[in-house]
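This report concerns only the one structure given below.
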Amino acid sequence: MRSDGPRRLTAAQQYASLQTARLSGAHGSLRIGRLTWEFEAQPLPISRLYRVRVQYRQGATPDALVIAPDLEALADGRDLPHVYQQRPTRICLYMPGTGEWRPDKRIVDTIVPWAVLWLFYFEDWLITGEWSGGGEHPKVKDDAKKNSRDRRRRD
């Protein structure tokens, strides 16, 4: 039997690899073809503690969302850098369609450490106002950006 490249991992295989990882405060759920995984991340020992949620539908690209603390509140009115969506904050970890992430790669080895690295650069951005994490800056969904501006106007 001939293989056409690396085998895609199922949501159940991704879930099993996340369960064996030693991630602080981690828990999740698995449904047919879908998983949700939450964990705590602290980029540096002096950093605040973040709660990150990874959502994955088998065969699609995973989403990483920062659940707590509220990054918009930490940004104090500034638009968040390097995100796909402001609220909920869906962080940009890779460029979809480029092969940086593929369904044969383990979420625990890619998305999880990339999210922690993103948080490191986010904390740097809070201090300096400059995004040092590199990458291409995705366009934020218009509805999310408009809702973010509307919320700031009401406050």
(message) Can you compute the FRET efficiency between I67 and R106 using 1/(1 + (r/R0)^6), with r the Cβ-Cβ distance and R0 = 25 Å? Round to the nearest 0.05.
(response) 0.70
(request) For A60 paired with L117, estimate the spin-label separation in nm (one decimal), with each label point 7 Å from Cα along the Cα-to-Cβ line. (result) 2.5
(message) With a cap of 14 neighbouring Cβ atoms within 10 Å, and only residues DSSP puts in a loop, list the GluC sites (Glu not before Pro) found in region 1-106.
(response) E100
(request) Which order do the peptides 84-94, 19-29, 104-114 take when ranked by the mean count of other beta-carbon atoms within 10 Å per residue, highest first? (result) 84-94, 104-114, 19-29
(request) Compare the Cα positions of F39, L49, S29 along the charge dipole of region 23-80 (+1 at Cβ of Lys, Arg; -1 at Cβ of Asp, Glu; about the Cα centre) and return the one farthest towards the positive end. (result) S29
(request) Can you tell me the FRET efficiency between T10 and D124 if r is taken as the Cβ-Cβ distance and R0 is 30 Å, rounded to the nearest 0.05? (result) 0.25
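For region 11-154, what's the relative contact order in percent, using C-alpha pairs closer than 8 Å and at least 6 residues apart?
The normalised contact order for region 11-154 reaches 19 percent.
Throughout, read-outs are computed from the coordinates displayed, never taken from laboratory work. Note that this is a predicted model, so its numbers are computed, not measured. Note: ideal-geometry Cβ built from the backbone for every residue, glycine included; neighbour counts use all protein chains shown.
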